[in-house]
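J.: Got a structure here, written out as structure tokens. Questions coming.
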Amino acid sequence: MKLQKLHHKAGIAFLIAAVVVLILLGNLISPSVKGSCTRIAYVTQETRSTWKASYYSIDGTMQKVLYPKHDTITLEVETQSGSISIQILDARGSVLFEEQQMDTQTYFIDVGKKIKVVITADDHEGSFSIK
């Protein structure tokens, strides 16, 4: 009986360790969004070169580094309510694009091989797409 409990505890410990390793690997491999932001009904599609999301509400700041495949990106924003501001920086930190209180609109922005996207929202309902 004691041997079975020991095997059971070892199995649980192994499972927990495996989950932790998978989470850590996922954070290293997959694209990540940084920042402090409340997201409600947030659905996203992310790659190294694109970031697309639709949501009921985002509130706060998010940022992500992208590696565009082309010299020009398309930024689409849909605003149903609230406000959203987007800033795009190049690899040196220079501002390539900055817009506040954005309405529904499409922008075409010349970029380099690496950009940083900073999104600041105040109870924004809608969507954005960067591709």
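The values are calculated or read from the model by the stated rules, or taken from the named source; none is laboratory data. In this text the structure is predicted, and so the values were computed from the model without any measurement. Here Cβ is always computed from backbone atoms with ideal geometry, including for glycine, and neighbour counts include all displayed protein chains.
J.: Testing Leu24 on (1) farther than 19 Å from Thr106 by Cα; (2) of a type outside the set (Lys, Arg); (3) at pLDDT 95 or above, one condition comes back false. Which one is that?
T.: For Leu24, the failing item is (3).
J.: Which of the residues belonging to region 60-84 are surrounded by 17 or more Cβ atoms within 10 Å (Cβ to Cβ) and assigned to a strand (DSSP E or B)?
T.: Matches in region 60-84: Met62, Lys64, Leu66, Ile73, Leu75, Val77, Glu78, Thr79, Ile84.
J.: Same structure, new question: Output the qualifying pairs, or none if there are none: Cβ atoms under 9 angstrom, residues six or more apart or on different chains, first residue in region 92-105 and in the same structural domain as Leu66 (by TED's automatic domain parsing), second residue assigned to a loop (DSSP other than H, G, I, E, B) and hydroxyl-bearing (Ser, Thr, Tyr).
T.: Between residues of region 92-105 that are in the same structural domain as Leu66 (by TED's automatic domain parsing) and residues that are assigned to a loop (DSSP other than H, G, I, E, B) and hydroxyl-bearing (Ser, Thr, Tyr), there is no close pair.
J.: Right, something else. What number of residues within region 93-121 are under 25 Å from Ser36 (Cβ atoms) and either small (Gly, Ala, Ser) or loosely packed, with under 11 Cβ neighbours inside 10 Å (or both)?
T.: Residues that pass the stated criteria total 6.
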